[in-house]
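The next block holds one structure in the form of structure tokens; read it before the comments.
The values are calculated or read from the model by the stated rules, or taken from the named source; none is laboratory data. Since the model is a prediction, treat every value here as computed from it, not as a measurement. Ideal geometry is used to build each Cβ from the backbone, glycine not excepted, and the neighbour counts take in all protein chains shown.
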Amino acid sequence: MKDRSSFPETPRWVILGGVALALLVGAAALATSGGGHGPGRHFQSGSSEASFKDGGS
Amino acid sequence: MGPHLRRLLLTLHVGLSVASIGAVAAFLALTSAALFDAEGFAVRGAYPGAAIVAWWVILPLVVAALVTGTIQALATQWGLFRHYWVLAKLVLTALTLAVLLLQLGGIETARNASFIGEPPPLGNLPMSLILHASGGLAVLSIVTALSIFKPRGLTRYGWRKQNQQVDRRHR
């Protein structure tokens, strides 16, 4: 029977990177779940384009 | 896959990845110019330009980098899920693509608004575009650094595969 090494410890950079990514995703989720204040919610769909087509420029 | 084809694919993948960083930097420059231009003269040109860069340069480059990177990983001994650095690259690139796709709506809104008035009433959108582009630039730079440094670390799957290969060699 050959001697098998045990599964090595997860590298520190993977743990730190995972924690940083989880914090970043959590912060982004909190920022975007703030109701009607997020980006892209300032216009009714297609209203700006309609204005442009109507001679808004 | 032969060594010549492998090198060609690697060159293509590195070129696409580095080019995507440059494209995001160009997008960041355009959106920053629009935000800090008090008179709004640059806005009319900057947001349509940023939209073209996003749709026709950043999006194809990121998709192509993801596809070539996946082929590269699967066709070599690195594998897609064996090493943490390859897995991290895959996750970060996929995340960048997902955020980019989510931001395209906002970019279109800014582009359309740039035709209306000076300065266009965009609220928090200009700052959001700059923050997301800065984040994208940082993540793509980390992805490039991972490719260069290739930090050590086998995943559980990679460790199992490695043991299977050792077993086969000893038989």
>> From the list B:ALA34, B:ALA19, B:ALA50, exactly one residue is in contact with a helix residue (DSSP H, G or I) (Cβ under 9 Å, 6 or more places away or on another chain) and surrounded by fewer than 19 Cβ atoms within 10 Å (Cβ to Cβ). Which is it?
In response: B:ALA19
> If you check B:VAL86, B:VAL53, B:VAL63, which single one turns out to be of a type in the set (Val, Ile, Thr) and under 20 Å from B:ASN112 (Cβ atoms)?
Replying inline: B:VAL53
>> I want to confirm something. Restricting to segment B:36-53 and keeping residues that are in a helix (DSSP H, G or I) and in contact with an Asp or Glu (Cβ under 9 Å, 6 or more places away or on another chain), which single residue is modelled with the highest pLDDT?
In response: B:ALA51
> Do you know which residues across segment B:6-65 are under 16 Å from the mean Cα position of the chain (by Cα) and hydroxyl-bearing (Ser, Thr, Tyr)?
Replying inline: B:SER17, B:SER20
> Can you name the residue in segment B:63-84 that is part of a helix (DSSP H, G or I) and among the β-branched types (Val, Ile, Thr) and is also nearest to the other protein chains (Cβ to nearest Cβ) among such residues?
Replying inline: B:THR70
> B:GLY135: within 11 Å of another protein chain (Cβ to nearest Cβ), surrounded by 18 or more Cβ atoms within 10 Å (Cβ to Cβ) and touching a residue at least 12 places away in the same chain (Cβ under 8 Å), yes or no?
Replying inline: no
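Residue by residue, here is whether (1) modelled with pLDDT under 95; (2) part of a helix (DSSP H, G or I) holds:
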site	(1), (2)
B:LEU59	no, yes
B:VAL86	no, yes
B:THR93	no, yes
B:LEU102	yes, yes
B:ALA110	yes, yes
B:PRO121	yes, no
> Out of (1) assigned to a loop (DSSP other than H, G, I, E, B); (2) surrounded by 10 or more Cβ atoms within 10 Å (Cβ to Cβ); (3) modelled with pLDDT under 50, the odd one out for A:GLN44 is which?
Replying inline: (2)
